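Notes to accompany the following structure.
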Amino acid sequence: AAAPLESFDDLIKPALDAGDFEAGSGETLLIYTKGSKEKRCLLLGLGKAESITVESLRVAFSNAVKMCQRKAVKTANIVIPTISELRFITAEECIKGISEGILLTNYQWEKLVSVDEETVLLKSISFI
């Protein structure tokens, strides 16, 4: 979920200072917000810039969707990496990894399978 950029540093600073989030590839940390339109902010680690690949983005954003499913989140605002952060892959490769990770995870097979517990799927995603 997106927070106003001027308050984003204040939002994540306690987690970074405590060492709870190091931004490693596929790492996630859910932060609850106060006084913001968004109730939660999910930090998603992408690892070192030189290690970012289509596959690492696919895995990272798949992890984000899995966290949304565990929390029964139906809508999400996703801040995608800026072009300056993508020094080792193209913008097209970035979008491919992100979209594949989201779409392949936000799916539930319903035919010929008995489901004990229904998975809550994302219904709306906005890219920022």
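Placing unit charges on the Cβ atoms only, positive for Lys and Arg and negative for Asp and Glu, gives region 1-73 a dipole magnitude near 480 debye about its Cα centre. Along the Cα-to-C-beta direction of Lys48, a point sits 7 Å from the Cα; which residues of region 87-102 have their amide N less than 17 Å from that point? Residues passing the 17 Å test: 87-89.
Measuring spread by the Cα atoms of region 1-66 yields a radius of gyration and Dmax of 12.4, 36 Å. A simple spin-label model places pseudo-atoms 7 Å from Cα toward Cβ; at Lys66 and Phe8 they are separated by 2.5 nm. Mean sequence separation of contacting Cα pairs (under 8 Å, at least six apart), scaled by the length of region 6-55, corresponds to a relative contact order of 30 percent. Relative contact order for the chain: what is it in percent, counting Cα pairs under 8 Å that are at least 6 residues apart? For the chain, the relative contact order is 26 percent. The modelled label-to-label distance between Glu55 and Thr119, using points 7 Å beyond Cα along the C-beta direction, is 2.2 nm. What base-10 log of the normalised intensity I(q)/I(0) is obtained for the chain from the Debye formula, alpha carbons as equal point scatterers, at q = 0.13, 0.16 Å⁻¹? Results for the chain at q = 0.13, 0.16 Å⁻¹ read -0.57, -0.85.
Pairs of lysine residues in the chain that meet both criteria, 8 or more places apart or on different chains and Cα atoms under 21 Å apart, total 21. Inter-label distance, Glu38 to Ser126: 1.1 nm, where each label sits 7 Å from its Cα along the C-beta direction.
Please calculate how many Å² of accessible area the chain carries per residue, with a 1.4 Å probe and no DNA, RNA or ligand atoms counted. Don't skip to the answer; put the middle values down first.
Values: 8600 Å² over 128 residues.
The answer is 67 Å² per residue.
Could you look at region 59-106 and say what percent of its accessible area is carbon and sulfur, using a 1.4 Å probe and all protein chains? Before the final figure, lay out each step's value.
Values: 1650 of 2750 Å².
Roughly 60 percent of what the probe reaches on region 59-106 is carbon or sulfur.
Please give the net charge around Ile31, taking every other residue with its beta carbon less than 12 angstrom from that of Ile31, where Lys and Arg add +1 and Asp and Glu add -1. Show your work: numbers first, answer last.
Numbers: positive: Lys13, Lys34, Lys39, Arg40; negative: Asp10, Asp20, Glu38.
Neighbour charge sum, excluding Ile31 itself: +1.
Charging the Cβ of each Asp and Glu at -1 and of each Lys and Arg at +1, and nothing else, the dipole of the chain about its Cα centre rounds to 400 debye. Can you tell me what percent of all Cα-Cα pairs in region 37-103 are more than 14 Å apart? It works out to 57 percent of all Cα pairs.
The values are calculated or read from the model by the stated rules, or taken from the named source; none is laboratory data. Only a predicted model underlies this, so the values are computations on that prediction, with no experimental measurement involved. Here the Cβ is made from the backbone with ideal geometry for all residues, glycine too, and neighbour counts use every protein chain on show. Quick note on the areas: whole protein, heavy atoms, side chains included, nothing else; ligands and nucleic acids left out. Shrake-Rupley method; radii C 1.70, N 1.55, O 1.52, S 1.80 Å.
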